[in-house]
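Notes follow the structure.
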């Protein structure tokens, strides 16, 4: 395979894809952007997650995820996060997107894989738009004793 084009590896379906030669007018980072867009599309199609869920996972809007899927540039942190999530989704022992989605969202006595991935993106910090405090915390009230959880 040459850097400018050539034959790509055989896919699961047995088809061989031919990559067109690189355009002499392409910017140096264009192949990276295309790769990021393919990864975002792959995640949407194979993880079973909605565009909105992917946005929450990456801490961005659904619209931003759509822009990434259509070739908009991503910062280095989001590129790394997408690659990490792709590895996790590929490692899930499920055959269908619905099964993978269920595995990502399942809470087995703790946080789901989805929540863990979102927290690792934030470095374990609360989201920037989280409230500074909750009234229930400052009043030392316990949910369930006539107090509703908010």
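The values are calculated or read from the model by the stated rules, or taken from the named source; none is laboratory data. Every value quoted in this text rests on a predicted model; they were computed, and no experiment measured them. Note that we place each Cβ from the backbone using ideal geometry, even for glycine, and neighbour counts take in every protein chain shown.
Tell me which of these residue 124 doesn't satisfy, since it passes every other one: (1) modelled with pLDDT under 90; (2) not in a loop (DSSP other than H, G, I, E, B).
(2)
I need the full set of residues from the range 50-90 which are part of a loop (DSSP other than H, G, I, E, B), surrounded by 14 or more Cβ atoms within 10 Å (Cβ to Cβ) and within 12 Å of the chain's Cα centre (by Cα), in order please.
59, 60
How many residues are surrounded by fewer than 12 Cβ atoms within 10 Å (Cβ to Cβ) and either farther than 25 Å from residue 61 by Cβ or without any contact (Cβ under 8 Å) to a residue 40 or more places away in the chain (or both) if we restrict to the range 91-123?
Of the residues in the range 91-123, 10 are surrounded by fewer than 12 Cβ atoms within 10 Å (Cβ to Cβ) and either farther than 25 Å from residue 61 by Cβ or without any contact (Cβ under 8 Å) to a residue 40 or more places away in the chain (or both).
Can you tell me how many residues in the range 96-113 are touching a helix residue (DSSP H, G or I) at 6+ places or on another chain (Cβ under 9 Å) and part of a helix (DSSP H, G or I)?
Number of matching residues: 7.
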